[in-house]
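The values are calculated or read from the model by the stated rules, or taken from the named source; none is laboratory data. Everything numeric here is computed off the predicted structure, so don't read it as measured data. Virtual Cβ from ideal backbone geometry, glycine too; neighbours counted across all protein chains shown. Side chains are part of the model used for accessible areas, which takes the heavy atoms of the whole protein and leaves out ligands, DNA and RNA. Shrake-Rupley method; radii C 1.70, N 1.55, O 1.52, S 1.80 Å.
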Amino acid sequence: MLQIERIKLELTEGETLLRQKAAAALRIPAGEIETLQIFRKSIDAREGVRFAYTLRVSVKNEGNVLKRCRNDRVSKVNETLYRLPPPVRRPEIPPVVAGAGPAGLFCALALARCGAPPILLERGWPVERRRQDVERFWATGELDPESNVQYGEGGAGAFSDGKLNTGTRDPRHRFILENLTIHGAPESILYDAKPHVGTDYLRRVLTSLRQELVELGCEIRFGHRLVGLEIKNGRVSGVEAIGPAGKACRLPAEQVVLALGNSARDTFAMLHAAGVPMVPKPLAVGVRIEHRQSDIDLAQYKALAGHPRLPASSYKLSCHLENGRGVFSFCVCPGGQVVAAASEPLRTVTNGMSHYARDGENCNGGLLVSVGPEDFPGDGPLAGIAFQRTLEERAFAAGGGRFFAPAQRVEDFLAGRPSTGPGIVRPTYRPGAAWCDLREVLPGFVWRALAEALPILDRKVHGYAHPDAVLTAVETRSSCPLRILRGEDGQSAIQGLRPCGEGAGYAGGIMSAAADGLRAAELLLETL
């Protein structure tokens with residue numbers, strides 16, 4: 001198999017031309033190409049706007065073709081394919097996986113396919129019921145603390161843009177993408193340079209993945225919150241959970257995977273009290289910034305904005321201020337909406353979400369400021385949670401209750417005056433926006449950093465600091481503010497306890513969390 005990079009197509013050219021362009025790069029007749037696969041597709045907007053492809057082709061006598069074409073864009077494919085570990089004998093005491101987000105689901109999938117189906121505990125509910133609970137919250141402001149954007153099947157990613165791009169290289173990533181498509185995700189995620197599933201497709205994927213897990217022998221217990229560990233002689237020996245209607249249950253367990261989400265605050269407190277080693281770590285907080293999607297398209301695509309073959313455009317921005325703070329965009333959702341993502345009463349949290357089509361009127365993204373443990377009130381591994389909660393409580397109060405989110409136009413924010421209503425950008429947040437001065441909500445070092453960064457970022461994407469762009473507060477759940485320590489064997493100092501994923505502080509996003517869940521399963525299977 002040969003790989004050909006940097007094959008370009010104009011917007012007026014169809015993909016039927018790819019075979020011809022590949023043959024030209026290889027200097028062979030098109031008929032000698034036996035198979036052709038799009039391995040990666042991206043948009044090159046540096047000089048005009050074109051599609052850029054990486055292709056994989058098979059030809060006869062590929063060694064001779066490679067030698068003869070003398071093209072630095074052509075190389076032999078040499079990659080390591082990920083395979084699950086060999087099967088094990090089914091253990092008498094099944095492993096327990098706590099959390100059904102990306103880390104927990106892919107950990108459970110690997111264990112089950114390798115002969116050790118676990119008991120999967122999830123404090124929230126299946127995605128069908130969870131969706132109803134979330135929609136009711138957005139419509140009425142009535143929060144279910146156990147079934148919301150943070151808790152439930154699929155984790156926080158189930159109500160997001162479903163972005164699958166990652167900055168790390170890992171052979172597990174291809175395995176994850178292929179299995180998502182097996183369970184109903186669009187095949188475009190296998191080759192898009194910036195793949196995303198969209199919250200609508202993610203719901204279908206989750207129900208299909210759940211069916212496979214059950215068929216492989218997994219016992220899935222929804223509505224079960226982990227509330228205690230049993231530890232004997234430095235090893236985990238069991239777990240305690242609270243099930244539906246407050247019913248307590250105990251499970252014997254010699255291997256427990258902690259695949260918690262970054263919002264499992266009560267569980268972190270329980271683990272800390274039980275003596276599980278953990279340390280604080282940096283995070284980022286800020287706001288969501290919302291623009292009209294057409295304005296972002298114009299800034300990125302210029303005269304070609306609105307072309308029917310071009311997707312809704314995105315951006316990735318960052319700057320470092322003189323005081324050492326970093327300000328950056330996060331989780332950009334083209335054609336999406338800002339969503340209420342609270343998981344605790346009296347605390348307002350925002351996030352972003354979009355469907356696969358990304359066909360909404362607005363584009364939104366996190367605009368975050370780096371925060372270190374030195375900024376937290378007090379010491380200890382739970383200090384970052386206290387910092388997050390303080391911001392969320394301020395936002396709830398500024399919203400006037402009912403989980404309305406404090407909001408402000410960028411022009412007013414930079415001028416230091418409260419907003420009284422929207423301009424041309426209509427906020428998408430539900431239950432609703434409460435117009436105010438965000439300087440009274442955010443810590444001084446946060447709002448000052450945002451005010452300094454907005455003009456800088458506007459020079460990178462024209463219109464980013466548009467007067468009518470809307471800032472909605474507060475975004476605090478971009479990452480976990482602590483790390484549950486583990487060794488090279490994947491275990492905590494308490495043997496048999498295996499922290500992994502985003503809530504343990506080892507991942508950031510769907511792909512890295514799922515990959516870390518697979519890694520936890522591999523190490524657990526070695527032990528078995």
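Miscellaneous remarks
- Flag for Ala103 being modelled with pLDDT of 95 or more and either buried (at least 24 other Cβ atoms within 10 Å of the Cβ) or under 25 Å from Leu524 (Cα atoms) (or both): yes
- Selection of the stretch 1-20 for residues being in a helix (DSSP H, G or I) and open to solvent by 50 Å² or more (accessible area, probe 1.4 Å) yields Glu15, Thr16, Leu17, Arg19, Gln20.
- Residues of the stretch 266-283 satisfying the condition of being in a helix (DSSP H, G or I) and either open to solvent by less than 10 Å² (accessible area, probe 1.4 Å) or on the phi > 0 side of the Ramachandran plot (or both): Thr267, Phe268, Leu271
- Test: residue in the stretch 235-244 that is modelled with pLDDT of 95 or more, open to solvent by 20 Å² or more (accessible area, probe 1.4 Å), under 19 Å from Gly152 (Cα atoms) and small (Gly, Ala, Ser): no
- Selection status of Gly372, closer than 25 Å to Ser318 by Cβ, out of contact with any Ser or Thr (no Cβ under 6 Å at 6 or more places or on another chain) and in contact (Cβ under 8 Å) with a residue 40 or more places away in the chain: yes
- Scanning the stretch 455-477 finds one or more residues that are under 22 Å from the mean Cα position of the chain (by Cα) and either within 20 Å of Ser294 (Cβ to Cβ) or without any contact (Cβ under 8 Å) to a residue 40 or more places away in the chain (or both).
- Scoring Ala23 on the criteria (1) open to solvent by less than 40 Å² (accessible area, probe 1.4 Å); (2) under 18 Å from Arg174 (Cβ atoms) leaves a single failure, condition (2).
- Arg519 being among the basic types (Lys, Arg) and open to solvent by 40 Å² or more (accessible area, probe 1.4 Å): yes
- Criterion: basic (Lys, Arg), outside any loop (DSSP other than H, G, I, E, B) and under 30 Å from Asn233 (Cα atoms) - qualifying residue of Arg486, Arg519: Arg519
- Per-region count, the stretch 321-343, residues closer than 16 Å to Asp458 by Cβ and either open to solvent by 50 Å² or more (accessible area, probe 1.4 Å) or among the polar types (S, T, N, Q) (or both): 2
- If only residues of the stretch 431-446 that are in contact (Cβ under 8 Å) with a residue 24 or more places away in the chain and assigned to a helix (DSSP H, G or I) are counted, the one that is most open to solvent (accessible area, probe 1.4 Å) is Glu440.
- The single condition among (1) basic (Lys, Arg); (2) over 30 Å from Glu128 (Cβ atoms); (3) touching a residue at least 12 places away in the same chain (Cβ under 8 Å) that Arg265 does not meet is (2).
- In the stretch 189-214, the qualifying residues are those that are among the hydroxyl-bearing types (Ser, Thr, Tyr) and either open to solvent by 50 Å² or more (accessible area, probe 1.4 Å) or free of Cβ contacts under 8 Å to residues at least 40 places away in the same chain (or both), and the one that is nearest to Leu105 (Cα to Cα) is Ser208.
- Filtered residue count, the stretch 506-522, keeping only those that are free of Cβ contacts under 8 Å to residues at least 40 places away in the same chain and within 12 Å of the chain's Cα centre (by Cα): 1
Conditions (1) touching a helix residue (DSSP H, G or I) at 6+ places or on another chain (Cβ under 6 Å); (2) modelled with pLDDT of 95 or more; (3) over 23 Å from Thr140 (Cβ atoms), marked per residue:
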site: Pro406; (1), (2), (3): yes, yes, no
site: Val410; (1), (2), (3): no, yes, yes
site: Pro422; (1), (2), (3): no, yes, no
site: Tyr429; (1), (2), (3): no, yes, no
site: Gly444; (1), (2), (3): no, yes, yes
site: Leu450; (1), (2), (3): no, yes, yes
site: Arg459; (1), (2), (3): no, yes, yes
site: Asp468; (1), (2), (3): no, yes, yes
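- Within the stretch 284-312, tally of residues that are open to solvent by less than 60 Å² (accessible area, probe 1.4 Å) and without any contact (Cβ under 8 Å) to a residue 40 or more places away in the chain: 2
- Entirely in the stretch 117-224, the helices (runs of 4 or more DSSP H) that have 1 or more residues that are modelled with pLDDT under 95 and of a type in the set (D, E, K, R): 172-182, 199-215
- Top-ranked residue of the stretch 38-60 - restricted to ones that are hydroxyl-bearing (Ser, Thr, Tyr) and surrounded by fewer than 17 Cβ atoms within 10 Å (Cβ to Cβ), ranked as farthest from Glu79 (Cα to Cα): Ser42
- Residues of the stretch 414-434 satisfying the condition of being within 12 Å of Arg292 (Cα to Cα) and not aliphatic (A, V, I, L, M): Gly423, Arg426, Pro427, Thr428
- In the stretch 162-187, the residue that is surrounded by the fewest Cβ atoms within 10 Å (Cβ to Cβ) out of those that are of a type in the set (Gly, Ala, Ser) and touching a residue at least 24 places away in the same chain (Cβ under 8 Å) is Gly184.
- Gly115 being open to solvent by 10 Å² or more (accessible area, probe 1.4 Å), free of Cβ contacts under 8 Å to residues at least 24 places away in the same chain and either out of contact with any Pro (no Cβ under 9 Å at 6 or more places or on another chain) or not hydrophobic (A, V, I, L, M, F, W, C) (or both): no
- Every residue from the stretch 312-355 that is aliphatic (A, V, I, L, M), touching a Lys or Arg at 6+ places or on another chain (Cβ under 6 Å) and part of a strand (DSSP E or B): Val338
- The stretch 384-424 - residue that is outside any helix (DSSP H, G or I) and of a type in the set (D, E, K, R) and, of those, least open to solvent (accessible area, probe 1.4 Å): Arg409
- Residue that is farthest from the chain's Cα centre (by Cα) [pool: residues in the stretch 354-368 that are more than 19 Å from Asp468 (Cβ to Cβ) and surrounded by 24 or more Cβ atoms within 10 Å (Cβ to Cβ)]: Leu368
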